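Since the structure comes first, as structure tokens, the remarks are kept for the end.
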Amino acid sequence: MRVLVTGAAGFIGSTTAELLLDLGDEVVALDNLVRGRRDNVPARAVFVEGDVGDVDLVSSLGAFDACVHFAARIEPADSMREPETFFANNVAQSFSLLEALVRSGTPKFVFSSSCAVYGNQVEMPIDESRATSPHSPYGETKLMVEQGLRWMAQRGRIRSASLRYFNAAGSTLAHPERHDPEIHLIPLALDAVRGRREFLSVYGTDYPTRDGTCVRDYVHVSDLADAHVRAIHALDHHDSLTLNLGTGTGSSIFEVLDSVRRVTGREVPIRLEDRRPGDPAEAVASQLLSRERLGWTPRSSGLDEIVADAWSARQTL
Ligand SMILES: NC(=O)c1ccc[n+]([C@@H]2O[C@H](COP(=O)([O-])OP(=O)(O)OC[C@H]3O[C@@H](n4cnc5c(N)ncnc54)[C@H](O)[C@@H]3O)[C@@H](O)[C@H]2O)c1
């Protein structure tokens, strides 16, 4: 296959591009490097620097068998401060990209959506039939693209899979998680352990969870990459898919910090802070539908493996 991977200089895009290349596919990696890093793009991919919303640029790349669209601004807190930037980048540019892809006859589109579309849910696990209610402009951008994609599939323009990731974590050695600024718990905790930051802030210890801290569903980035490849193939049989990608198991912040202690042998220095607005107490995926539609179940054995892989990769930075 010839696959366009947008956001391939970022964390999940680079890992997925590497897997596609390992499987013998041709990868064109498109990224404007606003957040990602050039050295994160797999060497075997053809790299194109530019905006996904640049219709002339995307059109000049020719037709693809599929596009996997990771490129986005991903920081919910920033989206609260400057929503317009997020709607312009994540929504407007996504539809410009889609316009160019439809014009070139690209038949399949796999979209990085997020559990942020669900907002604050009380019943766990969350399945795909749950009413959506994003709590941030970031989550809303994901939902808006999903909705446009469903219309486009219904009108026979392009087939698509919207994959709602829960918390992407772990790493491969070649592509460590490296957001700038880093906003994710495990790399922040590992940096606190190795003295790259003074402490880890824990936001809220009075949530209605088993130990008072937020519970999240951490899924290994290698498993996410695998699900994307499966989604491309599943679009041979489906016009439109909307699927959760998670493990079905939640871990609290304190449970993650216990895992970091087991893996590194060191205690994470923490500072307890107030809750952050908009953080749901719990977000755990039902994975029944993705198992059924993609034949996908995470291969990673759980949190300790995720943290151990993240730790190995982090030490290369
Ligand atoms: N990391 C997570 O836990 C998580 C969870 C749910 C959903 N997602 C989604 O997965 C996708 C990838 O996340 P990530 O963690 O790899 O993020 P990342 O920031 O590491 O990668 C995103 C990449 O997109 C590029 N980019 C952004 N806007 C662009 C544009 N307009 N044109 C071209 N390139 C652009 C950035 O330079 C960056 O390299 C995002 O869409 C994100 O919303 C991530």
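The values are calculated or read from the model by the stated rules, or taken from the named source; none is laboratory data. What you see is a predicted model; the values in this text were computed from it and never measured. Cβ coordinates were reconstructed from backbone atoms using ideal geometry, including for glycine residues, and neighbour counts include every protein chain displayed. Only protein heavy atoms, including side chains, enter the accessible area calculation; ligands, DNA and RNA are left aside. Shrake-Rupley method; radii C 1.70, N 1.55, O 1.52, S 1.80 Å.
Quick rundown of the values:
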{"item": "Ser60-Arg2 pseudo-label distance in nm [points 7 Å out on the Cα-to-Cβ vector]", "result": "1.6"}
{"item": "Computed E for His233/Arg196 - FRET, C-beta separation, R0 41 angstrom, nearest 0.05", "result": "0.55"}
{"item": "Accessible surface, per residue, of region 214-279 when the full set of protein chains is kept, probe 1.4 Å, Å²", "result": "43"}
{"item": "Area accessible to solvent at Asp236, 1.4 Å probe radius, in Å²", "result": "90"}
{"item": "Cβ-defined net charge surrounding Asp22, 13 Å radius [Lys, Arg +1; Asp, Glu -1]", "result": "-3"}
{"item": "Nearest-20 debye value, region 18-65 charge dipole, Cβ charges on Lys, Arg, Asp, Glu", "result": "200"}
{"item": "Dipole moment magnitude, nearest 20 debye, the chain about Cα centre, only Lys, Arg, Asp, Glu C-beta charged", "result": "220"}
{"item": "Formal net charge of residues neighbouring Gly212 (Cβ-Cβ distance under 15 Å; K, R +1; D, E -1)", "result": "-4"}
{"item": "For Arg35, solvent-accessible area (1.4 Å; no DNA, RNA or ligand), Å²", "result": "90"}
{"item": "Integer Hz, Karplus 6.51/-1.76/1.60 couplings in order for region 100-111, x for Gly and Pro", "result": "5, 5, 5, 4, 7, x, 6, x, 10, 9, 10, 10"}
{"item": "Carbon and sulfur %, accessible surface of the chain computed with the full protein complex present, 1.4 Å", "result": "48"}
{"item": "Residue-level accessible surface for Asp78, protein heavy atoms, 1.4 Å, Å²", "result": "30"}
{"item": "Rounded if a/c under 1.5, otherwise prolate or oblate - region 103-175, Cα gyration tensor axes", "result": "oblate"}
{"item": "Electrostatic dipole magnitude of region 176-317 [Cβ: Lys, Arg +1; Asp, Glu -1; Cα centre; debye, to 20]", "result": "280"}
{"item": "10 Å Cβ shell holding at most 12 others, DSSP loop, GluC sites (Glu not before Pro): longest site-free stretch of the chain", "result": "1-122"}
{"item": "Label-point gap, in nm, between Phe95 and Leu289 - each point 7 angstrom along Cα→Cβ", "result": "2.3"}
{"item": "Helix 137-154 axis, angle to the chain major axis (alpha carbon atoms, nearest 10°)", "result": "30"}
{"item": "Difference of contour (0.36 nm per residue) and Cα-Cα distance, Asp211 to Glu75", "result": "46.4 nm"}
{"item": "The chain: most fluctuating residue of Val41, Val55, Val307 per GNM, C-alpha cutoff 10 Å", "result": "Val55"}
